[in-house]
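A quick write-up on the structure given underneath.
The values are calculated or read from the model by the stated rules, or taken from the named source; none is laboratory data. Since this is a predicted model, take the numbers as computed values, not measurements. Because the Cβ atoms are built from the backbone with ideal geometry, glycine has one as well, and the counts that use them run over all protein chains shown.
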Amino acid sequence: MRLEAGCELVFEATAPTPLILMLRPRSGSGQWVLREEYTLEPTTPVVEYTDSYGNLCQRLVTPQGHFRVYTTACVETADTIDVEPAAPYVPVQDLPENVLQFLLPSRYCEADRLGELASEIVGDRAPGYEQVEAIRHWIHTNVTYQYGTSDASTSAAETAAKKIGVCRDFAHLGIALCRSFSIPARMVVGYLYQLDPMDLHAWFEAYIGDRWFTFDATQTEPRGNRIAIAYGRDATDVALATQYGPLTLKTMRVWVNVKA
């Protein structure tokens, strides 16, 4: 499906403020970027670079006062996500070197604290895809999705204890539980067609069967028509806006529409 997705961010700065944005999708697995528009008001010099995870980052200094970011992309997306229950666990010694970093506990994904819960969830399921799907299903079934129940400091261990959160929390918990079994897992942020309510979305990917597979514990069934913007170990690496000074986000608007 061809989708047009974008967001508008409006900031207020009391002084010129360094800002790193991560708002541009890249063509890759399951998506092909046909065209983009990226507008800054007022016009501001920008330097773009690629971070260690392959994400496109825009580095700038906002002027004092009102600052608007408008970005939209037309993207050809996959209507489905791949599902392969027989995909096996990949032994750590056989993992590609660039995947090893996604095995380690991280700030929001305390894999070293969740091994017992992971074992209870997975039971005797075959190592690999079946284990990850059991984790995804358990989170979907046992954790309540509700806005305003977590904040930027909430970790996977806290979500496991409280059993409530939003997409970011669901992704962190899935990642941590996978890593506790030495299954590499990473966070993805982007757009999902017909997400209700519409917002930027987060899910996770697990490395099994020598490739990355998508898992989304907020959804009942596997859903395609996703546009990935950024990948990382957890929310620390995939923040769509990172500021270094007195900058306040006043409004944010997100949309995903079918493009004829």
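Brief remarks on what is shown
- Boolean, SER150 is polar (S, T, N, Q) and touching a residue at least 40 places away in the same chain (Cβ under 8 Å): no
- Cβ-Cβ under 8 Å pairs, at least 6 apart or on other chains, region 238-257 side touching a residue at least 24 places away in the same chain (Cβ under 8 Å) and surrounded by fewer than 16 Cβ atoms within 10 Å (Cβ to Cβ), far side in a strand (DSSP E or B) and aromatic (Phe, Trp, Tyr): THR248/PHE11; LEU249/PHE11; LYS250/PHE11
- Within region 91-127, if we keep just the residues that are among the hydroxyl-bearing types (Ser, Thr, Tyr) and crowded, with 17+ Cβ neighbours inside 10 Å, the residue that is nearest to the chain's Cα centre (by Cα) turns out to be TYR108.
- Selection count where residues are in a loop (DSSP other than H, G, I, E, B), over 20 Å from GLU116 (Cβ atoms) and not polar (S, T, N, Q), scope region 144-189: 6
- Of the candidates PRO88, PRO45, PRO16, PRO25, the single residue that is free of Cβ contacts under 8 Å to residues at least 60 places away in the same chain and of a type outside the set (Val, Ile, Thr) is PRO45.
- Pairs where the first residue, in region 127-144, is at pLDDT 95 or above and the second is part of a helix (DSSP H, G or I) and among the β-branched types (Val, Ile, Thr), C-beta under 6 Å, 6+ apart: GLN131/VAL122; ALA134/ILE121; ALA134/VAL122; ILE135/ILE121; TRP138/ILE121
- Among the conditions (1) in a loop (DSSP other than H, G, I, E, B); (2) crowded, with 21+ Cβ neighbours inside 10 Å; (3) basic (Lys, Arg), ARG223 misses just one, which is (2).
- Residue selected from region 130-155 under the condition of a type in the set (A, V, I, L, M, F, W, C) and touching a Lys or Arg at 6+ places or on another chain (Cβ under 8 Å), by the criterion farthest from HIS201 (Cα to Cα): ALA134
Residues checked against (1) part of a loop (DSSP other than H, G, I, E, B); (2) hydrophobic (A, V, I, L, M, F, W, C); (3) over 20 Å from GLY232 (Cα atoms):
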position	(1), (2), (3)
SER119	no, no, yes
ALA126	yes, yes, yes
GLN131	no, no, yes
ARG136	no, no, no
THR141	no, no, yes
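For (1) hydrophobic (A, V, I, L, M, F, W, C); (2) touching a Ser or Thr at 6+ places or on another chain (Cβ under 9 Å); (3) not assigned by TED's automatic domain parsing to the domain that holds ARG24, each residue gets a yes or a no:
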| residue | (1), (2), (3) |
| --- | --- |
| VAL166 | yes, yes, yes |
| SER180 | no, yes, yes |
| GLY190 | no, no, yes |
| GLN194 | no, no, yes |
| TRP212 | yes, yes, yes |
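- Residues satisfying the stated conditions in region 28-46, i.e. of a type in the set (Ser, Thr, Tyr) and touching a strand residue (DSSP E or B) at 6+ places or on another chain (Cβ under 7 Å): TYR38, THR39, THR44
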